[in-house]
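A.B. asks: Below are the structure tokens for one structure; questions will follow.
The values are calculated or read from the model by the stated rules, or taken from the named source; none is laboratory data. Fair warning: this is a prediction, and the values are worked out from it, not measured in the lab. Here the Cβ positions follow ideal geometry from the backbone for every residue, glycine too, while neighbour counts run over all protein chains shown.
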Amino acid sequence: MIKSIFHFKIDLLDDDDDDDEESEDEEVVASNPLRAGSKSPGPRQTNVLMLKNTILNKGALLSMNVFHPKHSSSAIIDVWWLFDDGGLTLLLPYLLRRRKRWRNCQFRIFSCVSGEKNDAEKQYLSMASLLTKFRINYSDLHVLHGLGKSPNEYESEKFNQILQTWNQNNETYRITDSEYDANKDKIKRGLKLHEYLLEYSSKSTLIVV
């Protein structure tokens, strides 16, 4: 996927042409070391030889083809826009979806507010207006409220177990009670966000936070 992003920069102006899609597919096939009998011209042959005897997990193979054209309609890209970074978080999925291969992916945008439902509704209207202004097409827009609330019991217990294990195995870098209290609000916010991610994006193909 990284290769495709860099390749995208080269022919950005030609992403609507039908001819370049075919040539791009041919290039990917030629450079794929997993294809039997593939021939790679020039320096790409070195990469094929390096990966020739590599054992790859079956799940890794499936993830490599998750954006294959026949799967593109079922793929989901989620963007969690947590603060105003000038739109940088939206840049990567926007560039990906300009390509025909990923154009039909579902594109969902999430945001969170610490307040109640009324604050979330105001944030929703503001974000919808901003996305329309910049002509960013999306499948769904969700603004969740209650980010400042305490996480559920499962998240809290899991974090406490991780913290306890860390302190037992790392005496030199042990996290003291004073350090924990100083970052308590950030920890609570992070655990609540992780709770939201598991609830809404656990089945997504790509998550950008």
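A.B. asks: Quick one: in region 164-207, of everything that is part of a helix (DSSP H, G or I) and among the acidic types (Asp, Glu), which residue is surrounded by the fewest Cβ atoms within 10 Å (Cβ to Cβ)? Give the derivation first.
C.D. replies: Step one: filter region 164-207 for residues part of a helix (DSSP H, G or I), giving 164-169, 177-182, 184-201.
Keeping just the survivors that are among the acidic types (Asp, Glu) gives 177, 179, 181, 185, 195, 199.
On the way: ASP177: 7, GLU179: 10, ASP181: 10, ASP185: 10, GLU195: 17, GLU199: 10.
Looking at residues that are part of a helix (DSSP H, G or I) and among the acidic types (Asp, Glu), I get ASP177.
A.B. asks: Filter region 71-96 down to residues that are in contact (Cβ under 8 Å) with a residue 40 or more places away in the chain and outside any strand (DSSP E or B), then give me how many there are. Don't jump to the end; show me each part of the working.
C.D. replies: Residues of region 71-96 in contact (Cβ under 8 Å) with a residue 40 or more places away in the chain: 75-82, 87, 89-90, 92-96.
If we keep only those that are outside any strand (DSSP E or B) as well, we get 75, 81-82, 87, 89-90, 92-96.
Number of matching residues: 11.
A.B. asks: Name the pairs whose Cβ atoms lie under 6 Å apart, with the first residue in region 197-209 and among the β-branched types (Val, Ile, Thr), the second at pLDDT 90 or above, and 6 or more positions between them or separate chains?
C.D. replies: Every condition considered, the pairs that remain are THR205/ILE76; ILE207/ASP78; ILE207/SER201; VAL208/VAL79; VAL209/TRP80.
A.B. asks: Let me ask something additional. Quickly run through region 124-163 and pick out the residues that are in a helix (DSSP H, G or I) and touching a helix residue (DSSP H, G or I) at 6+ places or on another chain (Cβ under 9 Å).
C.D. replies: Once the filter is applied, which keeps residues that are in a helix (DSSP H, G or I) and touching a helix residue (DSSP H, G or I) at 6+ places or on another chain (Cβ under 9 Å), region 124-163 yields LEU131, TYR154, GLU155, SER156, LYS158, PHE159, LEU163.
A.B. asks: Mind listing whichever residues of region 131-161 are surrounded by 13 or more Cβ atoms within 10 Å (Cβ to Cβ) and either over 25 Å from ASP185 (Cα atoms) or touching a strand residue (DSSP E or B) at 6+ places or on another chain (Cβ under 6 Å) (or both)?
C.D. replies: Result: LEU131, ILE136, TYR138, LEU141, HIS142, VAL143, LEU144, HIS145, LEU147.
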